[in-house]
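*Asks:* One structure is given below, represented as structure tokens, and several questions about it will come after.
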Amino acid sequence: MPTRAAALLLCGGVVVTQDPYAAADAAAALVAERTGHVSHHVAVVLGSGWNPAADLLCPPGDGVELSFADLGDRPAPSVAGHVGKVRSVEVAGHRTLVFLGRVHLYEGHPPATVVHNVRTACAAGCDVVVLTNAAGGINPSYDVGQLVLIRDHVNLTAMSPLSGPPPPAAYPVRFVDLTDAYSPRLRTLARDVDPSLPEGVYAALTGPHFETPAEISMLRRLGADLVGMSTALEAIAARHLGAEVLGVSLVTNAAAGVGDSGVDHGEVVAAGEAHAASAGSLIASILARLP
Ligand code: HPA
């Protein structure tokens, strides 16, 4: 296991927040070197409580595993349920990077750090990025344990991974179009697998506190069906780099004021544990339909 200093060296000495694109390139070079695969096709980011999905997509001991620290100068995720590892595995014939956990704004990280894994995956060749998360259900028709395809998001973090100095000349301009940010093609593939999957709008907040009932009532009026603390910045970074994005939320609780009780983090993680295995097989079946 490399020390953090060694990890910095391995990534070319580039600090993520100073030059995020060079840092992602350096991390991708490390991924290629350590996995022996010059290119990957798909990235899957597993959110809170989605670990059981990992066992289906990439059984422990299968493929090559790196820690997030290997990919750059960042502390490991500080949230229960976020393992902080990435595995390179073959899923349904596609060379895939499966990220077990993510880092969040509420851990004190800037946007560049939050999206570093996704930028690394894109630099490693991934042109399909599957972002999963645990979410509170604002739409009263959702049940706990339900999977929902993200159709669109409302980014209420007041942040963007594209703020700051412009991307280097070799990259697209930062004014990225977010129409169809969540790929209609991939959503159609998902509904081919499970026609009953609903689609919803995901509201991204910074957290880490859960919302008040008044805030949830506001979000419902804004058109949100789901609420969570991740995904939107990663989707923006992936779209900027030209990847197609599939977003899948696992409804772990009724949002504040929607159900009969309050919201509890233990309940969120437990609901993930209970339902994420089926979510893993859904993702594997979707990947099997990719050309
Ligand atoms: N609110 C915000 N984030 C969440 C929730 C919620 O109710 N459930 C899971 N992540």
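The values are calculated or read from the model by the stated rules, or taken from the named source; none is laboratory data. Remember, it's a predicted structure, so these values are computed and weren't measured experimentally. In this analysis, Cβ positions are derived from the backbone assuming ideal geometry, glycine residues included, and neighbour counts consider all displayed protein chains. The accessibility values were calculated without ligands, DNA or RNA, using every heavy atom of the protein model including side chains. Shrake-Rupley method; radii C 1.70, N 1.55, O 1.52, S 1.80 Å.
*Asks:* Please verify whether S39 is within 16 Å of the ligand (Cβ to nearest atom), part of a loop (DSSP other than H, G, I, E, B) and either at pLDDT 80 or above or open to solvent by 10 Å² or more (accessible area, probe 1.4 Å) (or both), treating the condition exactly as stated.
*Replies:* Numbers: within 16 Å of the ligand (Cβ to nearest atom): no; part of a loop (DSSP other than H, G, I, E, B): yes; either at pLDDT 80 or above or open to solvent by 10 Å² or more (accessible area, probe 1.4 Å) (or both): yes.
Considered against the rule, which asks whether it is within 16 Å of the ligand (Cβ to nearest atom), part of a loop (DSSP other than H, G, I, E, B) and either at pLDDT 80 or above or open to solvent by 10 Å² or more (accessible area, probe 1.4 Å) (or both), S39 comes out as no.
*Asks:* Cβ-Cβ below 7 Å, separation at least six or inter-chain, first residue in the range 97-113 and within 27 Å of A277 (Cα to Cα), second of a type in the set (K, R) and modelled with pLDDT under 90: which pairs?
*Replies:* L100/K85; V103/R74
*Asks:* Answer yes or no: is there a residue in the range 93-104 that is within 24 Å of A271 (Cα to Cα) and surrounded by fewer than 19 Cβ atoms within 10 Å (Cβ to Cβ).
*Replies:* Restricting attention to the range 93-104, the residues satisfying the condition of being within 24 Å of A271 (Cα to Cα) are 98-104.
When the remaining residues are screened for being surrounded by fewer than 19 Cβ atoms within 10 Å (Cβ to Cβ), the result is none.
Scanning the range 93-104, I find no residue that is within 24 Å of A271 (Cα to Cα) and surrounded by fewer than 19 Cβ atoms within 10 Å (Cβ to Cβ), so the answer is no.
*Asks:* List the number of the failed condition for A256; all other conditions in (1) touching a helix residue (DSSP H, G or I) at 6+ places or on another chain (Cβ under 6 Å); (2) surrounded by fewer than 19 Cβ atoms within 10 Å (Cβ to Cβ) hold.
*Replies:* Here A256 meets the rest and fails (2).
*Asks:* Being assigned to a strand (DSSP E or B) and away from the ligand (no atom under 13 Å from the Cβ) is the filter here; which residues of the range 236-260 pass it? Full working, then the answer.
*Replies:* To start, the set of residues in the range 236-260 that are assigned to a strand (DSSP E or B) comprises 244-254.
Matches in the range 236-260: E244, V245, L246, G247, V248.
*Asks:* Within the range 150-164, restricting attention to residues that are within 14 Å of the ligand (Cβ to nearest atom) and assigned to a loop (DSSP other than H, G, I, E, B), which residue is least open to solvent (accessible area, probe 1.4 Å)?
*Replies:* Result: T157.
Every residue, every condition in (1) at pLDDT below 95; (2) surrounded by 21 or more Cβ atoms within 10 Å (Cβ to Cβ); (3) farther than 18 Å from S39 by Cβ, yes or no:
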residue: P110; (1), (2), (3): yes, no, yes
residue: R119; (1), (2), (3): no, yes, no
residue: G125; (1), (2), (3): no, no, no
residue: V128; (1), (2), (3): no, yes, no
residue: N139; (1), (2), (3): no, no, yes
residue: G145; (1), (2), (3): yes, no, yes
residue: V148; (1), (2), (3): no, yes, yes
residue: P166; (1), (2), (3): yes, no, yes
residue: A170; (1), (2), (3): yes, no, no
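*Asks:* Conditions: (1) over 18 Å from A279 (Cα atoms); (2) crowded, with 20+ Cβ neighbours inside 10 Å; (3) at pLDDT 75 or above; (4) out of contact with any Pro (no Cβ under 7 Å at 6 or more places or on another chain). S67 meets all but one. Number of the miss?
*Replies:* (2)
*Asks:* Another question, if that's okay. So which of V263, V227 is more than 13 Å from the chain's Cα centre (by Cα), farther than 30 Å from L290 by Cβ and within 14 Å of the ligand (Cβ to nearest atom)?
*Replies:* Working: V227 fails: farther than 30 Å from L290 by Cβ.
Only one candidate passes the filter, namely V263.
*Asks:* Oh, and also: Tell me whether the range 136-159 contains one or more residues that are small (G, A, S), in contact with a Lys or Arg (Cβ under 9 Å, 6 or more places away or on another chain) and over 24 Å from S285 (Cα atoms).
*Replies:* Within the range 136-159, the first condition is being small (G, A, S), and the residues that meet it are 136-137, 141, 145, 158.
Next, from what is left, pick out any that are in contact with a Lys or Arg (Cβ under 9 Å, 6 or more places away or on another chain): none.
No, the range 136-159 contains no residue that is small (G, A, S), in contact with a Lys or Arg (Cβ under 9 Å, 6 or more places away or on another chain) and over 24 Å from S285 (Cα atoms).
*Asks:* Could you pull out the residue among A274, A270, A214, A279 that is open to solvent by 60 Å² or more (accessible area, probe 1.4 Å), modelled with pLDDT under 90, assigned to a helix (DSSP H, G or I) and more than 9 Å from the ligand (Cβ to nearest atom)? Before the answer, list the steps.
*Replies:* Values: A270 fails: open to solvent by 60 Å² or more (accessible area, probe 1.4 Å); A214 fails: modelled with pLDDT under 90; A279 fails: open to solvent by 60 Å² or more (accessible area, probe 1.4 Å).
Selected residue: A274, the only one of A274, A270, A214, A279 that is open to solvent by 60 Å² or more (accessible area, probe 1.4 Å), modelled with pLDDT under 90, assigned to a helix (DSSP H, G or I) and more than 9 Å from the ligand (Cβ to nearest atom).
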